[in-house]
Amino acid sequence: MQLKLTKPSVVQTLLRQHNLRPSKGLGQNFLINEHYLAQIVAAAELSPADLVIEIGPGLGTLTQALASQAGRVISIEKDQRLAPVLAISLAAHKQVQLVWQDALTVDYQQLVGEATQPKVVANLPYYITTPLILRLLQAEVPWRCLVFLVQAEVADRMQASPSNKDYGLLSVACQYKHEVEIVTRVPASAFYPAPTVASTVVKLQAPASGRPRELAVEEPWFWQVVRAAFGQRRKTLANSLSAGLPLTKEQIQLGLVAQGVEPGARGEDLTVDELVGVANELGCRR
């Protein structure tokens, strides 16, 4: 019989039986609301042909729901204290593979192997949300879609437009190859223990139609340029790039002008397409 992990009393009993307390340091807030759980799974549009990477299974609530629809689930968990609980909650789901590693250091290419268009579905710990999303998006894996449950303010940054205070490296990373869709807002009461902030379910997926975005010629160089562009937000773009790239200020200014970008602009003023153009232009000037 499968444990009903969306029932607070069951969660509390399970934690007490294994002498566990949710770790604030690891951002452990377990989803206990069936409505929002169903919305997360629905957003991933799963089929028996799918491989899903889950990060931070916690007690296995979302893992159970994913395993009921996907062909294979690989769940990455850092906290080995949860091993006895997951052994119970996932006992009926043989298609789930637990990987006891830090999601920030896992080799995602090796993990997915030859799977085509794997998906990511995760209730992300708040303390590693941004670096983890960046790592997933910069991994050389052809993700079909990524569905994240994140802090509401992070979701705002993910979908932010240029010339907005929330627009930055995370916005560019999310929008570079994907469309960003807000699926639903999730109140703090949907978790145990309840966090101090509201959350949001966000879906990133490849554009459904239309012209795909022009990609950078050299992606490692593109990310170096983007990091430099947002590295010193109070400085002009020319000065920020000069501080972060192995190019002279003259090379950078000429490159910006060639792309129709004012050297006095700031990184947050440029669209993703403009940043791609600048990166490609500066790459030719090294």
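Would you list which lysines come within 25 Å of Lys235, measuring only between C-alpha atoms, while excluding same-chain residues fewer than 8 positions from it?
The reachable lysines, counting only those whose Cα sits under 25 Å from Lys235, are Lys165, Lys249.
Sort 237-244, 163-170 by packing, meaning the average of other beta carbons within 10 Å per residue, with the highest value first. Before the final figure, lay out each step's value.
Values: 237-244: 20.0, 163-170: 16.1.
Highest-to-lowest ranking by the protection proxy: 237-244, 163-170.
In nm, what is the difference between 0.36 nm times the number of residues separating Gln101 and Arg16 and their Cα-Cα distance? Present the calculation step by step, with values, prior to reporting the outcome.
Values: separation 85, 0.36 × 85 = 30.60 nm, distance 2.47 nm.
Net length gain for the segment: 28.1 nm.
Can you give me the pair-distance distribution of the chain, C-alpha pairs, 5 Å bins, whole percents?
The percentages, shortest bin first, are 1, 5, 12, 15, 16, 14, 11, 9, 6, 5, 3, 1, 0, 0.
Using only the Cα atoms of the range 214-286, build the gyration tensor, take square roots of its eigenvalues as a ≥ b ≥ c, and label the shape rounded, prolate or oblate: rounded if a/c is under 1.5, else prolate if a/b is larger than b/c, else oblate. Provide the component values of the computation, followed by the final result.
Details: a/c = 1.27, a/b = 1.19, b/c = 1.07.
Verdict is rounded for the range 214-286.
Which of rounded, prolate or oblate describes the range 150-267 when judged by the alpha-carbon gyration tensor and an a/c cut-off of 1.5? Numbers along the way, then the final one.
Numbers: a/c = 2.95, a/b = 1.85, b/c = 1.59.
Prolate, since a/c reaches 1.5 and a/b exceeds b/c.
Leaving out ligands and nucleic acids, note down the accessible area per residue over the chain with a 1.4 angstrom probe, in whole Å².
Values: 13400 Å² over 286 residues.
Roughly 47 Å² per residue, with all protein chains present.
What's the center-to-center distance, using Cα atoms, between the range 226-286 and the range 1-53 in Å?
The range 226-286 and the range 1-53 have Cα centres spaced 44 Å from each other.
Can you tell me the dipole magnitude for the chain around its Cα centre, using point charges on the Cβ only (Lys, Arg +1; Asp, Glu -1), in Debye to the nearest 20?
Values: 27 positive and 25 negative charges, 167 e Å.
It comes to approximately 800 debye.
Do you know the relative contact order of the chain, to the nearest whole percent, from alpha carbon pairs under 8 angstrom that are 6+ apart? Intermediate values should be presented prior to the final figure.
Working: 487 pairs, mean separation 42.1, N = 286.
Over the chain, the number comes to 15 percent.
Please turn the phi angles of the range 185-198 into ³J(HN,Hα) values with the Karplus equation 6.51 cos²θ - 1.76 cosθ + 1.60 (θ = phi - 60°), one per residue in order, whole Hz, x for glycine and proline.
With coefficients 6.51, -1.76 and 1.60, one gets 8, 10, x, 4, 5, 7, 10, 10, x, 6, x, 8, 10, 7 Hz.
Viscosity 1.002 mPa s, temperature 20 °C: Stokes-Einstein D of the range 1-49 from its Kirkwood Cα radius, in µm² per second? Numbers along the way, then the final one.
Values: Rh = 12.8 Å.
Diffusion coefficient, whole number: 168 µm²/s.
Using 7 Å Cα-to-Cβ label points, what is the Ala83/Val197 separation (nm, one decimal)?
So the label points at Ala83 and Val197 sit 3.3 nm apart.
Does the range 89-132 come out rounded, prolate or oblate by the C-alpha gyration tensor, with a ≥ b ≥ c the root eigenvalues, rounded set by a/c under 1.5 and, if not, prolate when a/b is larger than b/c and oblate if not?
Cα axes put the range 89-132 in the oblate bin.
Dipole of the chain (Lys/Arg Cβ +1, Asp/Glu Cβ -1, origin at the Cα centre): which of Val96, Val197, Leu270 lies farthest to the positive side?
About the Cα centre, the residue reaching furthest to the positive side is Val197.
Where does helix 129-138 land angle-wise versus the long Cα axis of the chain, in degrees 0 to 90, nearest 10?
70
Of Gln110, Gln175, Gln232, which has the largest mean-square fluctuation in a 10 Å C-alpha GNM of the chain?
Gln110
With +1 on the Cβ of every Lys and Arg and -1 on the Cβ of every Asp and Glu, and nothing else charged, how large is the dipole of the range 195-286 about its Cα centre, in debye rounded to the nearest 20? Working shown, then result.
Details: 11 positive and 10 negative charges, 57 e Å.
With only Lys, Arg, Asp and Glu charged at Cβ, the dipole is about 280 debye.
Set the bar at 21 Å for Cα to Cα. Now go through Lys24/Lys177; Lys4/Lys24; Lys94/Lys119 and name every pair that lies beyond it.
On the way: Lys24/Lys177 33 Å; Lys4/Lys24 23 Å; Lys94/Lys119 19 Å.
As for pairs spanning more than 21 Å Cα to Cα, those are Lys24/Lys177; Lys4/Lys24.
What FRET efficiency do you get for Gln117 and Ser9 if R0 is 41 Å and r is their Cβ-Cβ distance, rounded to the nearest 0.05?
Working: r = 39 Å, r/R0 = 0.96.
Efficiency at R0 = 41 Å is approximately 0.55.
Within the accessible area of the range 86-171, what % is carbon and sulfur when the probe is 1.4 Å and the other protein chains stay in place?
Details: 1760 of 3820 Å².
The C+S portion of the solvent-accessible surface of the range 86-171 is 46 percent.
Give the residues of the range 238-254 whose amide nitrogen is closer than 17 Å to a point set 7 Å from the Cα of Trp221 in the direction of its Cβ.
241-242, 244-254
Just the accessible area for Glu281, please: 1.4 Å probe, Å², rounded to the nearest 10?
For Glu281, the solvent-accessible surface is approximately 40 Å².
When the expected Rg is taken as 2.2 N^0.38 Å, what fraction or multiple of it is the alpha-carbon Rg of the range 28-156? Intermediate values should be presented prior to the final figure.
Numbers: Rg = 13.5 Å, N = 129, 2.2 N^0.38 = 13.9 Å.
Against the empirical 2.2 N^0.38 Å value, I get 0.97 for the range 28-156.
Using the Cβ atoms and a cut-off under 15 Å, what net charge is assigned to the surroundings of Ala103, where Lys and Arg are +1 and Asp and Glu are -1? All intermediate terms of the calculation are to be shown ahead of the outcome.
Numbers: positive: Lys78, Arg135; negative: Glu54, Glu77, Asp79, Asp102, Asp107.
Overall, the nearby charge balance is -3.
Counting only Cα, what are the radius of gyration and maximum Cα-Cα distance Dmax of the range 155-222, in Å?
15.0, 46
Which value at 222 nm does the chain reach when only helices count, each DSSP H run of 4 or more adding -39,500 (n - 2.57), with the total divided by all residues and rounded to the nearest 500 deg cm²/dmol? Kindly include the intermediate steps, with their values, before the conclusion.
Details: 12 runs with 106 residues, N = 286.
Computed mean residue ellipticity for the chain: -10500 deg cm²/dmol.
The values are calculated or read from the model by the stated rules, or taken from the named source; none is laboratory data. The shown structure was predicted, so the numbers you read here are calculated from the model rather than taken from an experiment. Note that each Cβ is placed from the backbone with ideal geometry, even for glycine, and that neighbours are counted across all protein chains shown. Surface areas here come from the heavy atoms of the whole protein model, side chains and all, with no ligands, DNA or RNA. Shrake-Rupley method; radii C 1.70, N 1.55, O 1.52, S 1.80 Å.
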